[in-house]
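In what follows, a single structure is set out as structure tokens and then discussed.
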Amino acid sequence: MKTKTESATIGEPERNQLKACAMTIGRSLQSLVQVLLALIIASAALATEQSAPESHGQLGFDKLLLVERHPVESTHPYTFFYMDYRQGGGLCIYDLKTRELTRLVDSTDGEILSADLDYDAKRIVFAWRRGRFDRHEKAPFRPGTHAYVHVYTVGVDGRDLRQLTTGDDFNYDPCWLPDGGIAFISTRVDQWVYCNSGPVGVLHRMDADGSNVVRLSANVLNDFTPSVAADGRILYTRWEYVDKSPLAIQSLWKIRPDGTNLELVFGNRVLSPATFIEAQQIPGTSQLLCTMTGHVKPIRGATGVIDPNRGVNAQAAIQNLTPEVDVRPVDFPDGDLFYGPYESPYPLDDQTYLVSKDGNLLVRDYAGRQEQILLERRGELGYYSARPLRARSRPPRPTSVLPPTDEAGDWAAVYIQDVYNGLEPYVKRGDVKRICVVEEKPRDALSRQRRCKFGVMNVTVSCGATYATRVVWGFADVADDGSAYFQVPAEKPVFFLALDDQGRAVQRMRSYTHLMPGEVQGCIGCHATRNPLPPSQDLAASVFRGQPQSLDLPPWDAPIGFNYEAIVQPVLDAHCVQCHEGEDADAGVRLTGQRTQFFSESYDTLAIGHEPAPPHRFVGKNALVENPYTNWISGFHGVEDNILEIEPRQWGSPRSKLADLVLSGHPDKDGKKRVDLSREEKQRIITWIDLNVPFYGSFTQAVDDMHKTVDSSS
């Protein structure tokens, strides 16, 4: 008889049988896990990359137009069209049913940058760079030797290839217009960016056969990536630096196809991101799909939706569709550096959009719940500028109201309904007496010198204040009711200063507009957006009484580049130098015109201060060297957020001791005037301050004197 212990003991045969059974079960479980894993992976793949025959029906089209090329690793958005030239790829049609990729145009010996499909889905316009050249060649380029980008068209069947632009210029970013013409960017303007030797490309248009080229933009820096909005106007990106720090502001604008009615859309006082680019209006909405990126990166970043109705600089207007890319708040002081993998977004409808991610073509929804890979990159070649191969509705064709070219002349006109709309309560009614019209000049001269002492710009115009040379075209009167109606030079980038009865700028535009010959453009006030309705629908009767006022010439009698030595120094010579020269100068203040290492003795005193600017170009707030005489907007790094300070009388002559001295006659301790300047002489000095203290009157002059402004320590 067995004990309980003995009855529980397992014999060796049973033990081996159980072990074999466990091993069999283990292997079965392992196989089951492997099967389950495979099913999970397959399900995930199906969730993100459905088969093309299933997906094409959902999307509503069968084929896609694509550009196949290498990713462009440019240093900035404005170097995209001439840097990192790598040949290969082509212009392609991708069939979603068969997954066949057909090259309409082979670019083995070139690089196609972008493309657009016409409204009837019959012809394609594209930017093509051909020929062999150094991938890393930098500007300036030698005419006749470089592989320039030109605009071409071709049928969707690959036939009838035509080259529309020629010459030693870059012509790129083309898009079809509702009237059958083509908008594009071109460097034929012979301008250069401020901070290096890159060429500037601005917005143009031409007929479909390449004839009748018209410049639409008077920008002094680059325009980018035009498209057509639902109202038929051209939506594009514009880069500018009007009294702004080196933080680039590359914001969204609209303009009519005849170059009239320029209007800000979004982002002219947004610090982060630095660049809104590749914008397309989302069908059926007022929202814009775009790429958001930095300034010192390629045209890749986050994908965003902008709703300008929520504010033209508002954080609430921005929706980041790719939250894995960190887009900092609009007031973050450095929006230059962030980066992401997305580019070439294109809205299919108000639910879904196409976008390229590291060269892979995706379709996504705006809610961020669904993503599908339509086409994976093949090696180094990715897919960009995707467009459904289908006809689309043609936007309206805005009718031009410009007079015939032979009647238009060289002038346009601006009316202001009420200059105090936007100034109150900081400026009292009756304080504004005149408007000063100023042109921002493009950089039209090259220098191979680098590392200027004052800021990051390649050509030094001032001590780290204005980057550009400027022309005062003259002054217009403001009526008692705040209205004004005056001429401005056409096809020039101009901005306005609102002046008080002493000639001081109580408010300044830190942006510019431009008008076509014969155009009349209006605004409802000073620093007021044109988006909301004006307070009164009835324009003041005085606005349109008679013809627009001709500008009163400045005291120096001609609209010329503002040259400190020619315009300001003669006033100092006549009234100040007798007490302020040499070792015995009053209070140690020397005001002679004797040239110094960088500028002149009086300029160093009145603009820079008693101590020179720090030797390094990235000096941050140390650039403000406590100059006791003039208040100017710094162009150094580290003070980018001053663009957010927009209250009247924040800058320039209203806050400058020099202006107080000039207007008061520089009284002695007993209150007796030491000097008695004429109104015109006072205006010379005050205007110089309000132009943000330029020294040179032209870029050519600045380049000729470059040896005086190059930091020898760099």
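The values are calculated or read from the model by the stated rules, or taken from the named source; none is laboratory data. This structure is a prediction, so every number in the text was calculated from the model and none was measured. When we count neighbours, we look across all protein chains shown, and the Cβ atoms used for this are built from the backbone with ideal geometry, even at glycine.
Of the strands (runs of 3 or more DSSP E) lying entirely inside the stretch 324-434, those carrying at least 1 residues that are surrounded by fewer than 19 Cβ atoms within 10 Å (Cβ to Cβ) and over 25 Å from the mean Cα position of the chain (by Cα) are 352-357, 360-365, 371-375, 411-416. Of the residues A476, A468, A386, the single one that is in contact (Cβ under 8 Å) with a residue 60 or more places away in the chain, over 30 Å from Q502 (Cβ atoms) and small (G, A, S) is A386. Exactly one residue among R364, R328, R378 is among the charged types (D, E, K, R) and under 25 Å from Y119 (Cα atoms), and that residue is R364.
Quick grid of which residues meet (1) more than 27 Å from the chain's Cα centre (by Cα); (2) acidic (D, E):
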{"position": "T630", "(1), (2)": "yes, no"}
{"position": "S634", "(1), (2)": "no, no"}
{"position": "I643", "(1), (2)": "no, no"}
{"position": "D676", "(1), (2)": "yes, yes"}
{"position": "I685", "(1), (2)": "yes, no"}
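If you go through the stretch 85-96 and keep only what is among the charged types (D, E, K, R) and at pLDDT below 95, you end up with just R86.
Taking the conditions (1) surrounded by fewer than 23 Cβ atoms within 10 Å (Cβ to Cβ); (2) under 22 Å from the mean Cα position of the chain (by Cα); (3) modelled with pLDDT under 95 in turn, F495 satisfies each one other than (3).
Tell me, please, whether a residue that is modelled with pLDDT under 95, out of contact with any helix residue (DSSP H, G or I) (no Cβ under 7 Å at 6 or more places or on another chain), under 19 Å from V202 (Cα atoms) and surrounded by fewer than 22 Cβ atoms within 10 Å (Cβ to Cβ) can be found in the stretch 106-123. No, there is no match, as no residue in the stretch 106-123 is modelled with pLDDT under 95, out of contact with any helix residue (DSSP H, G or I) (no Cβ under 7 Å at 6 or more places or on another chain), under 19 Å from V202 (Cα atoms) and surrounded by fewer than 22 Cβ atoms within 10 Å (Cβ to Cβ). In the stretch 269-281, the residue that is nearest to the chain's Cα centre (by Cα) out of those that are buried (at least 21 other Cβ atoms within 10 Å of the Cβ) and in a loop (DSSP other than H, G, I, E, B) is A274.
Screening Q578, Q597 for residues that are part of a loop (DSSP other than H, G, I, E, B) and without any contact (Cβ under 8 Å) to a residue 24 or more places away in the chain leaves exactly one candidate, Q578.
Would a scan of the stretch 566-573 turn up a residue that is modelled with pLDDT of 95 or more and over 23 Å from C436 (Cβ atoms)? Checked the stretch 566-573: at least one residue is modelled with pLDDT of 95 or more and over 23 Å from C436 (Cβ atoms).
When residues in the stretch 208-255 are screened for being in contact (Cβ under 8 Å) with a residue 60 or more places away in the chain, of a type in the set (A, V, I, L, M, F, W, C) and over 29 Å from R162 (Cα atoms), 7 of them pass. In the set (1) surrounded by fewer than 16 Cβ atoms within 10 Å (Cβ to Cβ); (2) under 18 Å from T513 (Cα atoms), E440 fails one condition alone, (1).
Hey, any hits in the stretch 453-469 for a residue that's touching a strand residue (DSSP E or B) at 6+ places or on another chain (Cβ under 7 Å), of a type in the set (V, I, T), modelled with pLDDT of 95 or more and crowded, with 23+ Cβ neighbours inside 10 Å? Yes, the stretch 453-469 has at least one match.
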